[in-house]
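Data block below; observations after.
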Amino acid sequence: MEDETISELEARRQRALQMGSEKGRAKLAAAGKLDARARLDQLLDPGSFVEIGILARSQHPELAERTPADGLVAGHGRIDGRLVYVTSEDATVLGGTRGRVAEAKTARIRELALRHKAPFIALMEAGAGRFQESNGAIAAAAGNRFREHFRMSGRVPQIAAVMGGCFGGPSFTAMQSDFVTMVKGTGFVGMSGPKVVRIGVGQDVTPDEIGGADMSAKMTGQVDHVGENDEACLRAIRQFLSYLPDNCDQLPARIAAKAAAIDTEEGRAEIVRLVPENGRRAYSMERLIKLIVDGGELCHYRQTYGPSLITTWARIDGRSVGILGNNPMKSAGALDDKAARKARKFVDICNAFHIPLIFLSDCPGFIVGPEIEKQRMVSLASRLLNSVIAAQVPKVTIVIRKAIGLAYLAMGGKTMGPDAIVGWPGSEFDVMGTAAGVELVHGREIEASDDPAATREEYLERARAQAAGYRAAEAGLIDDIIHPAETRQLILDVLERTAASLQAGFVQRVDP
């Protein structure tokens, strides 16, 4: 082959590597962003990226010379030695609008991820499809991406990073993913961007108002993690992926265990002191969790959405676990519509990828009242129960203080089939809160008594005695009452006992 032929190939590759305009790259840098290729350098193991479709470009005659790689860097690489398939959108090419060739490249990457049973990661900063390439009747063939994402769902981990404006189609790609991280201040999701909103409804809005970090993480829960910059989001992807297997036919890796604080004398003393006996007094459930997991290390899921419930991945003796813990510092740990939504998806992800579930229950119930009913609370609670019932992974339920009504079931109650269900001393089980129950049953007697306060307290004491966890243990309705310092050991025991059944039919991946 002649040198001129090889030189042309290299020249074409070099033009693609330069991406869009120098002005576009300068704009990204001024905004504190990495470019599409630099993001892959940060995400992947050094030197592991192998690109496909580098010579792609728009087939529209007026756009061909302006669309190196058609605005999308795609290929495969490694994260901690594990194969992953990735796409990274180049906002320097026509503002990140999505071309038909780029869409074909992405479809190819999704196809390979599913075929080779490897995670799919999308680094996103894209507008909707280019009007020049997608307008007219050709739109009748649009939408293959949704079917492709559905086919991957529950089979390989899907991860999206919202690193710029992702209005329209790209936002749907993100929402179909298992884990979505967003860069604060520069990432946005929504049905349509500000320009389309202005044209469609005549309203001037900002990207933040449509779907910035605060709205998406706190109000709508459409993103699971927010990072201060590109680098933070890319680190979050690596962390999240470390808890999951490569696909649904494998188990998560068991890594070298780290000591937990509860293994020390000081840690055991702290966990005993941490939880007040007075059920109205709050404490830090996050601290409790950190005391019992390896190294106190957590990977939070939707930390600021539905904060009355903590959902986090962690490790016990090197094994991945998914932990749900009521947070008494927010709404006394009661479950609202947001907590129910995030709990359901968290449970579904853990079940799909064989991650055992740990329920730490201290919940006075679901929030009630007309406002919460407007959020379809009955439906949300029912669907959460369905997910907990359907979960076939090992389950451990530990009642720290309160296990009340349907919320008790949502937090891994006896009928949910846990492999172990225990209470701490002071735990309570009831169909509703003791105060509410006493008022419903004895309200008239209390008001008619000579000393309503004393009469009320007498009934409350009786109700508390009937609800005591010791009575549930004595009746064989739970397995035991345990010392708080025994919590980690109980979980470890369940993980050991269920390991054989969990491994049956699966490949165990062990990381060094």
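The values are calculated or read from the model by the stated rules, or taken from the named source; none is laboratory data. From a predicted model like this one, the values you see are computed outputs, not experimental measurements. Every residue, glycine as well, gets a Cβ built from its backbone with ideal geometry; the counts of neighbours run over all protein chains shown.
Please determine whether any residue of the stretch 65-83 is touching a Gly at 6+ places or on another chain (Cβ under 7 Å) and either in a strand (DSSP E or B) or at pLDDT 95 or above (or both).
Yes: one or more hits.
Where the second residue is of a type in the set (Phe, Trp, Tyr) and in a helix (DSSP H, G or I) and the first is assigned by TED's automatic domain parsing to the domain that holds Ala343 and lies in the stretch 215-229, which pairs have Cβ atoms under 9 Å and are six or more apart or on separate chains?
Partner pairs satisfying both residue conditions: none exist.
Residue by residue, here is whether (1) without any contact (Cβ under 8 Å) to a residue 40 or more places away in the chain; (2) farther than 20 Å from Ser284 by Cα; (3) assigned by TED's automatic domain parsing to the domain that holds Pro418; (4) in contact with a Leu (Cβ under 6 Å, 6 or more places away or on another chain) holds:
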{"site": "Gly333", "(1), (2), (3), (4)": "no, no, yes, no"}
{"site": "Ile349", "(1), (2), (3), (4)": "no, yes, yes, no"}
{"site": "Asp362", "(1), (2), (3), (4)": "no, no, yes, no"}
{"site": "Lys374", "(1), (2), (3), (4)": "yes, yes, yes, no"}
{"site": "Leu380", "(1), (2), (3), (4)": "no, yes, yes, no"}
{"site": "Leu384", "(1), (2), (3), (4)": "no, yes, yes, no"}
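Between a first residue in the stretch 413-431 that is among the basic types (Lys, Arg) and a second residue that is surrounded by 21 or more Cβ atoms within 10 Å (Cβ to Cβ), which pairs have beta carbons less than 6 Å apart while being 6 or more apart in sequence or on different chains?
Lys414/Ile421
What residue, among those in the stretch 282-304 that are in contact (Cβ under 8 Å) with a residue 24 or more places away in the chain and basic (Lys, Arg), is surrounded by the most Cβ atoms within 10 Å (Cβ to Cβ)?
Checked the stretch 282-304; the qualifying residue surrounded by the most Cβ atoms within 10 Å (Cβ to Cβ) is Arg302.
Glu286 is checked against (1) of a type outside the set (Ser, Thr, Tyr); (2) in a helix (DSSP H, G or I); (3) out of contact with any Leu (no Cβ under 9 Å at 6 or more places or on another chain) and fails just one. What number does that condition carry?
(3)
Just checking: which of the helices (runs of 4 or more DSSP H) contained wholly in the stretch 190-270 hold 1 or more residues that are at pLDDT 95 or above and surrounded by 15 or more Cβ atoms within 10 Å (Cβ to Cβ)? Talk me through it step by step, then tell me what you get.
Working: elements: 194-201, 207-211, 230-242.
Qualifying helices (runs of 4 or more DSSP H): 230-242.
All but one of (1) part of a helix (DSSP H, G or I); (2) surrounded by 12 or more Cβ atoms within 10 Å (Cβ to Cβ) hold for Gly20, so report the exception by its number.
(1)
When you look at Leu495, is it within 25 Å of Lys117 (Cβ to Cβ) and modelled with pLDDT of 95 or more, yes or no?
Details: within 25 Å of Lys117 (Cβ to Cβ): yes; modelled with pLDDT of 95 or more: yes.
The answer is yes for Leu495.
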